[in-house]
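Below you'll find the structure, written out as structure tokens, and then a few comments.
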């Protein structure tokens, strides 16, 4: 029966994959060898800005900042296989919300991934799991019935976490608490409970005083109260549609996702392809962006604790002393320049720690990859106090030092939308040149073992 399902799925998707076969020859050469060119001379390539197909709805189940575009993973699979890589197992070592994990499942690949952020791995596990529609419906009906019976103490808001009281009005807090309690009471531990907690997490910002469409944590004093039950119902219905859309995809991929810092995992699997987008050293703190979910789901009582250990975090420098001799030549040059131009020693330390961590990341990737395997890194260069933070050049140097060959690069815009390389004081994208400049291009860097 499983073999029959696989044959039917391949027939149904023949046109999709045939189209990819034709498009490959238009795209394959888009990865440019660095033998005779510099990254600065590479032009933006639209082939890496847009996908050939619509994303599955499951990719949009939970909002996530700087979400990895699904089509990049899909094109990376195609490219690696055309370059002779036998891709059976894929890894994303900074897996975030699980975009590469879901694409691996869609393409029939095994997947191993990890992320230090527990909210990220909750979403990733939810999106990449396989569900029975009737079981999901049964759990939802029980949650809704339980919700009608749930009672909370009169002092529950008074005794709540202070940070949650900062973000949520009393009525909203109580409605959310009832939903959370109903899920805990109705669904046993396992993938279905993880999924419903993910749906709960996905409505928290809309239910709070968080400024709509702002990445930066900021209160909107004029935000109207949301209909929280409707938000939850809408997310459930979206989840159900997502599952039904993917019903004809064979369940023959092994997916493993760990909530760990990649550098702290002792035993790593062997894989054929690594596709990942590392954190950026000057970006927002992910622990701050996901604080609502972290607190509600009990991952921590103080979201600031989750900053520590995160690669790229300014808080990940406890007891770290700069030793530029441990850095490659690109990292050393940038850190020395920052030392001369930046007053904040903690920022200089965070950049030095980031570069040292990334060198270790590349080293561990080289150890994970099978002979002939390939790595894809999607990175962007940033700037701090007038100093260029050349993450891409540092990464390329690290690849060379760890035995990677055939290093190639492509350049893409961050968004399909109009180029808006600035943010206003709320964190929103802007085209106003008087606002804070941010990176607006990314480099896709590949290398072979």
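Tabulated data for the structure shown
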item	result
q = 0.11, 0.12, 0.14, 0.15 Å⁻¹, the stretch 133-245: log10 I(q)/I(0) [Debye, one scatterer per Cα]	-0.38, -0.45, -0.61, -0.70
Shape parameters for the stretch 212-370, alpha-carbon atoms, Rg then Dmax in Å	20.6, 58
Kirkwood Rh in Å, taken over the stretch 228-305 so that all alpha-carbon pairs contribute	17.0
Centre separation in Å (Cα based) which lies between the stretch 178-214 and the stretch 73-118	27
Residue 406 versus residue 254: modelled label distance in nm, points set 7 Å from Cα along the beta carbon direction	2.6
Förster-model FRET efficiency, 56 Å R0, residue 264 and residue 148, C-beta, rounded to 0.05	0.80
Debye intensity ratio I(q)/I(0), log10, the stretch 261-300, q values 0.16, 0.22, 0.34 Å⁻¹ (C-alpha model)	-0.70, -0.93, -1.10
FRET E, pair residue 233, residue 86, Förster distance 51 Å, beta-carbon r, rounded to 0.05	0.70
Computed FRET value (nearest 0.05) for residue 388 with residue 300, which takes r as the C-beta separation and R₀ as 45 Å	0.85
Gain upon complete extension [residue 342, residue 45; 0.36 nm per residue less C-alpha separation]	103.5 nm
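Taken together, the values in this text are just the output of simple stated rules run on the coordinates, not laboratory data. The model shown is predicted, which means the values in this text are computed figures rather than measured ones. Cβ atoms come from the backbone with ideal geometry, glycine included; neighbour counts cover every protein chain shown.
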